[in-house]
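One structure is given below, encoded as structure tokens.
The values are calculated or read from the model by the stated rules, or taken from the named source; none is laboratory data. Worth saying up front: this structure is predicted, and the values here are computed from it rather than measured. Positions of Cβ are backbone-derived with ideal geometry, glycine not excepted, and every protein chain shown enters the neighbour counts.
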Amino acid sequence: MDKPTAPPPGPSSHDRRRDQRASDPYPALVGTTSGEPPHNIDAEQAVLGACMLKHQVVDQVRGTLDAGDFYRPAHETIWRAILALRAEDAPTDPIALADHLQSKGDLSRVGGSSYLHTLVTVAPPSTDNADYYAQIVRRDAQLRTLHSTGIRTVHHALTPGADPDEIRTAIETEIRAERERALASGGSRLSRYIVNGWDFVTKTGADKEPLWGTREQTAWASGESLMIVGAPGVGKTTIAHQVVLARLGLQASVLDLPVAEGERVLYLAMDRPQQIARAMARRITPADEAHLRDRLAVWQGPLPATLDKEPDLLAELAATHRADTIVIDSLKDAVSTLVDDSLAVAFNNARMRALRAGVQIMELHHQRKAAADAPRGMRPTLDRVYGSTWLTAGAGSVLFIAGEAGDPAVTIHHLKTVTGEIGPLPVVHDHQRGTTYVEPTLDPVTILRAAPDGLTTRDLATALTGEANPDRADIEKARRHLDRLVKTGLAVKAEGTSGGTGGGQQARYRPSARHITAVS
């Protein structure tokens, strides 16, 4: 084995100038700009190291990178060797790579086998992000090409007797060639997020488990935002905190619906952060310290800019703080104004960019002030949510908490659903403990258990609404409740034999033997 050597130094400025004079037909402009052209040696090393750790990575990034995209000549040589090995279906690890480079007389020129092993050790632990680093390398290569094009353009423009049409033609030819190359690589802004129709249907969230809820009743779907709406003091933050703690792994469910554990939460406490801290403190014990230190980051106060003005800010915040979940508390503090349709569309753009980056989003929002005076018990609708309709149009799920400020008993309505509707849920806040539970006397399971002769859908609708003649919508909701209990094995359904036009209303539902045994 050859003697260990240090990683090859980057080319000196003298070497760069010499190489440029040899290839650039306009040496007079060398030195007219200061500093080195754009490059990122760390990203180049990360890509090469990932390809050596896992040869399948080569297939992921080869469409993005050309050998000439590497700024360091040694990296270009290593990349060509990796492609040659992959073409032969040979290993691309440092040992195989060193043998290949040695056979070509290039091993010492790239820094020896020790440098190949260095590339593996400095590579990120996971190879999943290799394509991201390849995009960085490709971006800097494009900027260097534009930099060279600009220098040549300036030289042409300063040449006596220059023809503007010839200059424009030369520029357009170079730019067209670069654009075609970018489009072919799939790395341009026009191709970066393109997927084929089959992958779109089968892989874009169609079969993902919900973040909160079940497949039949989803409160928060993966890849779609959740908006929790209500008047001040009805418990939006209380419920949000329980979901956050479940995402951190400190509890398993909220309102009897399971919550999927996440990695790290970034909480944007823009609206009264001290009050938010006091509310969360009700649920926290000293045993939770490690979880909160490692997996919860809190931003206090206003953001550097509103999201309608900087649509990439939300995704950048998540990336900076390594968060897979962001909580916006509250929406009014994240957008310049909520009633302007154009700004609401701009915010939805920011929301979609973060979701596309794999960030899950929960938003706390307010209802219209006039709606606060609506009759108690009146079923809310989406037009009671404050601001432009584009805010709710872009949300995946909208939960509305109806009640009075400070009232422990409120009702949660599912105004915008992902799958089946949840509720309406009569819930009770335990303000001292910061917990919320479903009121058992209005729980369909409890009502069914208390009916020895079983229930029809109309019976359940009457019990849930308190109305002697529930409307068709209430009866349909009751039917869905009961059918879900049948599906989960908590109820059995006996179709009615009498005539009439009631259809499913004639069926009678009874607690299953499993249900009776479980509660006895």
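Key figures
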item	result
Set ASP271, ASP256, ASP329: member being in contact (Cβ under 8 Å) with a residue 40 or more places away in the chain and at positive phi	ASP256
Candidate set: segment 358-372, residues that are over 16 Å from GLY396 (Cα atoms) and in a loop (DSSP other than H, G, I, E, B); chosen: the one modelled with the highest pLDDT	HIS366
Residue within segment 225-236 that is without any contact (Cβ under 8 Å) to a residue 24 or more places away in the chain and either touching a helix residue (DSSP H, G or I) at 6+ places or on another chain (Cβ under 9 Å) or assigned to a loop (DSSP other than H, G, I, E, B) (or both) present	no
Residues within segment 418-447 that are out of contact with any strand residue (DSSP E or B) (no Cβ under 7 Å at 6 or more places or on another chain), among the β-branched types (Val, Ile, Thr) and in a loop (DSSP other than H, G, I, E, B), tallied	0
Qualifying residues in segment 276-314 (those that are of a type in the set (Gly, Ala, Ser) and in a helix (DSSP H, G or I)) - the one surrounded by the most Cβ atoms within 10 Å (Cβ to Cβ)	ALA279
Whichever residue in segment 92-130 is polar (S, T, N, Q) and under 14 Å from ALA81 (Cβ atoms) and, among such residues, is surrounded by the fewest Cβ atoms within 10 Å (Cβ to Cβ)	SER103
Residue within segment 322-331 that is touching a strand residue (DSSP E or B) at 6+ places or on another chain (Cβ under 7 Å), closer than 16 Å to GLY223 by Cβ, surrounded by 21 or more Cβ atoms within 10 Å (Cβ to Cβ) and among the small types (Gly, Ala, Ser) present	yes
Subset of segment 215-224 [within 23 Å of ALA402 (Cα to Cα), over 13 Å from the mean Cα position of the chain (by Cα) and in a loop (DSSP other than H, G, I, E, B)]	GLN217
Among the candidates ALA96, ALA67, residue that is within 28 Å of HIS147 (Cα to Cα) and among the aliphatic types (A, V, I, L, M)	ALA67
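A quick yes/no check of all residues on (1) over 41 Å from the mean Cα position of the chain (by Cα); (2) at pLDDT 85 or above; (3) within 25 Å of GLU495 (Cα to Cα):
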site	(1), (2), (3)
THR441	no, no, no
THR446	no, no, yes
PRO452	yes, no, yes
LEU455	yes, yes, yes
LEU460	no, yes, yes
THR465	no, no, yes
ASP474	no, no, yes
